[in-house]
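For reference, the structure I am asking about is given below.
The values are calculated or read from the model by the stated rules, or taken from the named source; none is laboratory data. Owing to the predicted nature of the structure, the values given are computational and were not obtained by experimental measurement. Note: ideal-geometry Cβ built from the backbone for every residue, glycine included; neighbour counts use all protein chains shown. Note: accessible area is taken over every heavy atom of the protein model, side chains too, but ligands, DNA and RNA are not part of it. Shrake-Rupley method; radii C 1.70, N 1.55, O 1.52, S 1.80 Å.
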Amino acid sequence: MWKVSDSEMLYGLDRWGQNYFKILESGELAVGIEELGGKFAPILPMINHLGTKALKTPIILRFPQILKDRIKILATSFENSICEFEYKNQYHGVFPMKVNHRREVVTQIHGTNSNRPYGLEVGSKAEAMAALCLEPSDNSMFIFNGYKDDTFLKLAFLSASLNRTSIIIIEELSEIHRIIALSNQTGVKPLLGLRCRLYSRGSGRWEESGGEYSKFGLSVADILTAIKKLKDADMIDCLTMLHFHLGSQITDIRKIQKAVREATRVYCKVRADHAKVTHLNIGGGLGVDYDGSRTSFESSANYSVREYTNSVVYTIKEICDEEGVSHPVIVSESGRAITAYHAMLVVDVKSIKKVPCSADEVKVEPTDTRGTLELHDLFENISAKNYREYYHDGLVLKEELTNLFNLGHLSLEERAKGETLFWGICKRASGYARETKFSTEEFQILWRRLTDRYLCNFSIFQSVPDNWAIDNLFPILPIHRLNQQPGAIGTLADITCDSDGKIDKFIDLHHTKRTLELHPIEKDEPYYLGFFLIGAYQDILGDFHNLFGQANEAMVSLDGSGGWEIKDIIKGSSISDMLTMMNYDVEEMMDSLANKIRDSAEEHNNPEVWEKQMLDLIKGTLQNHTYLDRDRKE
Ligand SMILES: *Cc1c(COP(=O)(O)O)cnc(C)c1O
């Protein structure tokens with residue numbers, strides 16, 4: 001008997017889910033926040049409800065309460081560490097906008113609550129404009145980071161004039177002259193920070209963001225020059241913050257400790273050099289354990305939030321005490337760890353592609369070619385003892401058959417017979433290989449090629465681009481039927497015309513899995529898969545391959561007793577949106593197409609009916625979403 005706890009184990013829910021997801025006895029996946037109340041809300045009814053509002057899958061569900069919960073967890077963890085180590089200053093969180101620019105996300109985070117101000121970090125003029133338009137909550141901080149032209153600097157000055165705590169992080173020495181000039185012109189003395197280029201590096205995929213050769217920040221020599229220039233311009237009192245960022249998804253806690261140690265030393269020395277710096281900004285990098293393995297694997301992190309805050313607070317305190325410098329305000333810019341959990345994508349499976357397997361039905365005649373007869377013989381007699389040899393013989397025979405066909409010696413029927421037998425041999429061979437303890441790579445690849453492919457109605461390039469681009473793994477599992485044993489195994493394919501549009505690597509506790517346990521699908525029965533932890537970076541990195549546009553979205557609020565409410569619906573891109581984005585004049589196109597339809601209507605039996613049908617078709621299509629509709633039942 002398969003239990004929901006078996007599914008929980010299989011998909012590793014308790015390891016990566018941070019208690020936001022669980023499986024109900026009904027087999028439905030549910031979402032909730034323990035603090036809100038113990039009862040979780042099933043996801044399938046949300047999808048069904050949105051379907052009645054013409055909002056079809058693929059759908060991104062956002063849970064703003066999870067965002068708030070993440071912020072609370074990070075901030076409380078810092079507060080607890082501060083308390084535990086008797087650290088004599090406070091923590092201030094800042095959200096880097098580049099991690100998720102969606103208005104719904106940024107306003108949620110920024111407007112969180114006033115007794116725990118949460119700031120914003122911007123790295124471009126567009127981000128700065130968005131941030132400038134937001135009402136700052138009391139005391140929250142705006143950080144202007146990244147490469148800056150004069151307009152960007154002027155926006156930062158404007159922010160300072162609007163009575164916000166705005167800090168300009170100096171990324172390059174050349175920015176200092178322009179800041180000094182602008183300050184002399186306007187009389188505004190903005191708060192400044194220096195971005196340090198540390199010797200320490202991160203770990204994992206973004207290791208190159210840190211270290212001596214990183215493209216970001218000031219070397220120690222640059223820092224000394226910067227301080228001197230600020231002193232000369234009588235602006236040294238503006239220098240408030242020292243900042244570093246090691247790169248995203250630091251998988252190893254020791255790298256963080258090392259970097260914080262180095263940065264704190266720099267902080268103490270700078271402070272001793274008559275600069276009144278008060279804030280140490282440790283950037284982002286707090287990892288998300290996507291596969292739940294708690295290791296330094298690229299899609300994981302070998303530490304918890306509490307270990308992270310303990311490490312940071314303890315290290316800064318230890319070094320400041322040693323250097324006799326008072327403890328700075330700790331600022332961190334976690335993006336990934338704040339936003340990853342709040343969003344999930346639900347897709348429907350359109351069909352299952354199976355490798356043909358009807359070798360049993362093949363009848364051979366003595367008149368068949370030698371190759372076909374031999375393939376048949378291999379198929380009939382393959383066993384656990386000889387599968388390796390028989391499979392290799394099969395490969396040779398298939399090659400021979402193809403050659404004969406190309407030379408014109410073989411009919412289509414004969415070729416089909418031979419190929420069907422060959423696939424039968426492959427299936428049996430890979431089955432035997434699976435049963436042995438040590439199957440070679442050759443047979444593992446064969447096994448993968450022969451597994452079913454679940455065709456999912458979405459674009460990897462739009463919705464989980466990091467899976468395609470950098471092999472980042474996201475947890476994937478069905479959102480229903482989890483009280484049934486998943487009796488099938490498969491890989492996933494998306495609906496783009498790109499052979500990269502596939503997923504054949506999945507999270508696993510020990511390694512990665514090349515196939516995913518799934519359910520067989522009865523005809524016409526909808527089957528939904530959820531992609532989890534997609535709230536960081538995916539929204540903005542997604543692209544429009546094949547003109548598949550943004551998926552539909554819904555903001556869902558949970559009540560803690562199993563109930564939920566759709567707070568907002570954001571329709572995904574329509575076909576018209578996509579064409580307009582690619583610079584087509586949609587109205588003009590429609591007029592010209594409609595004229596062509598009118599001109600050729602006469603050729604049809606019932607011209608008026610046909611013309612109306614075709615005009616309805618093209619008008620309707622323009623407003624349609626870019627993904628596949630559900631097919632009519634046969
Ligand atoms: C990208 C970035 C961050 C966010 O990093 P996460 O790993 O998402 O927390 C923070 N600070 C700076 C300067 C960044 O460029």
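Add -39500 (n - 2.57) for each DSSP H run of 4 or more in the chain, then divide by its residues: what number comes out at 222 nm, to the nearest 500 deg cm²/dmol?
Taken over the chain, the calculation gives -12500 deg cm²/dmol.
Right, next: With an 8 Å cut-off on Cα pairs and a minimum separation of 6 or more residues, tell me the relative contact order of the chain in percent.
About 17 percent, as a whole number.
Over the Cα atoms of the chain, what radius of gyration and what Dmax do you get, in Å?
Just the Cα atoms of the chain yield Rg and Dmax of 29.9, 100 Å.
In whole Å, what is the distance between the alpha-carbon centres of the range 95-126 and the range 447-465?
Measuring centre to centre over Cα atoms gives 33 Å.
Taking every pair of Cα atoms in the range 205-359, average 1/r, invert it to obtain the Kirkwood radius, and report Rg/Rh to two decimals.
1.18
For a 24 Å ceiling on Cα separation, which of these pairs sit above it: Lys72/Lys567; Lys427/Lys505; Lys68/Lys88; Lys39/Lys72; Lys68/Lys215?
Lys68/Lys88; Lys68/Lys215
Taking the range 37-92, how much of its Cα-Cα pair set, in percent, is spaced more than 15 angstrom apart?
Value for the range 37-92 (Cα pairs over 15 Å): 66 percent.
Could you estimate the translational diffusion coefficient of the range 1-48 from the Stokes-Einstein equation, with Rh from the Kirkwood formula over C-alpha pairs, at 10 °C and 1.306 mPa s, in whole µm²/s? Kindly include the intermediate steps, with their values, before the conclusion.
On the way: Rh = 11.2 Å.
Result for D is 142 µm²/s.
Taking every pair of alpha-carbon atoms in the range 131-180, what share in percent sits in each 10 Å bin, from 0 to the bin with the longest distance?
All Cα pairs, binned at 10 Å, distribute as 25, 55, 18, 1 percent.
Could you pull the Cα extents of the range 263-312 along its three principal axes, largest to smallest, in whole Å?
Its Cα atoms span 47, 18, 13 Å along the three principal axes.
Sticking with this one: Report, to the nearest whole %, how much of the accessible area of the chain belongs to carbon and sulfur atoms, 1.4 Å probe, protein only.
50
Right, next: Assuming R0 = 35 Å, can you tell me the calculated FRET efficiency for the pair Ala126 and Asp591, based on Cβ-Cβ distance, to the nearest 0.05?
Once the sixth-power term is evaluated, E becomes 0.55.
If R0 is 25 Å, what FRET efficiency do you get for Lys88 and Asn139 from their C-beta distance, rounded to 0.05?
0.85
So if I average 1/r over every pair of distinct C-alpha atoms in the range 195-282 and take the inverse, what Kirkwood radius in Å does that give?
That comes to 13.3 Å for the range 195-282.
Quick one: divide the alpha-carbon radius of gyration of the range 140-224 by 2.2 N^0.38 Å and tell me what you get.
Values: Rg = 14.2 Å, N = 85, 2.2 N^0.38 = 11.9 Å.
Output field value: 1.20.
Right, another one. Please report Rg over Rh for the range 475-549, where both radii come from the alpha carbon positions and Rh follows the Kirkwood definition.
0.98
Once both axes come from the Cα atoms, what is the angle between helix 305-323 and the longest principal axis of the chain, in degrees from 0 to 90, rounded to 10?
For 305-323 against the chain, the angle is about 30 degrees.
Next question, about the same structure. Stretched out fully, how many nm does the piece from Gln485 to Ala233 gain, at 0.36 nm a residue minus the Cα gap?
83.6 nm
Multiply the residue separation of Thr225 and Leu541 by 0.36 nm, subtract the distance between their alpha-carbon atoms, and state the gained length in nm to one decimal. Please report the intermediate quantities before stating the final value.
Working: separation 316, 0.36 × 316 = 113.76 nm, distance 3.68 nm.
That works out to 110.1 nm of additional length.
Quick one: which residues, 5 or more positions from Thr165 or on another chain, have an amide H under 5 Å from its amide H? H modelled 1.01 Å from N in the peptide plane, none for Pro or chain starts.
Placed amide hydrogens put Phe142 under 5 Å from Thr165.
Does anyone have the angle between helix 586-600 and the longest principal axis of the chain? Alpha-carbon axes, 0 to 90°, nearest 10?
20
Find the percent of Cα-Cα distances in the range 62-200 that exceed 23 Å, and round it to a whole number. Can you show the working numbers first?
Details: 3844 of 9591 pairs.
Tail fraction, whole percent: 40.
Also: Once the principal axes of the Cα atoms of the range 509-550 are found, what is the range along each, listed largest first in whole angstroms?
35, 34, 18
Beyond 23 Å, how much of the Cα-Cα pair distribution for the range 396-546 remains, as a whole percent?
Details: 5846 of 11325 pairs.
Taking all Cα-Cα pairs of the range 396-546, the fraction more than 23 Å apart is 52 percent.
Run the numbers on the range 481-592 and let me know its relative contact order in percent, using alpha-carbon pairs under 8 Å that are six or more apart.
Relative contact order for the range 481-592 comes out at 17 percent.
Please compute the per residue accessible area over the range 1-55 with all protein chains in place, 1.4 Å probe, rounded to a whole number of Å².
48
Nearest 20 debye, what's the magnitude of the dipole of the chain about its Cα centre given +1 on Lys and Arg Cβ and -1 on Asp and Glu Cβ?
1860
Calculate the length of the line joining the C-alpha centroid of the range 579-634 to that of the range 352-370, in whole Å.
44
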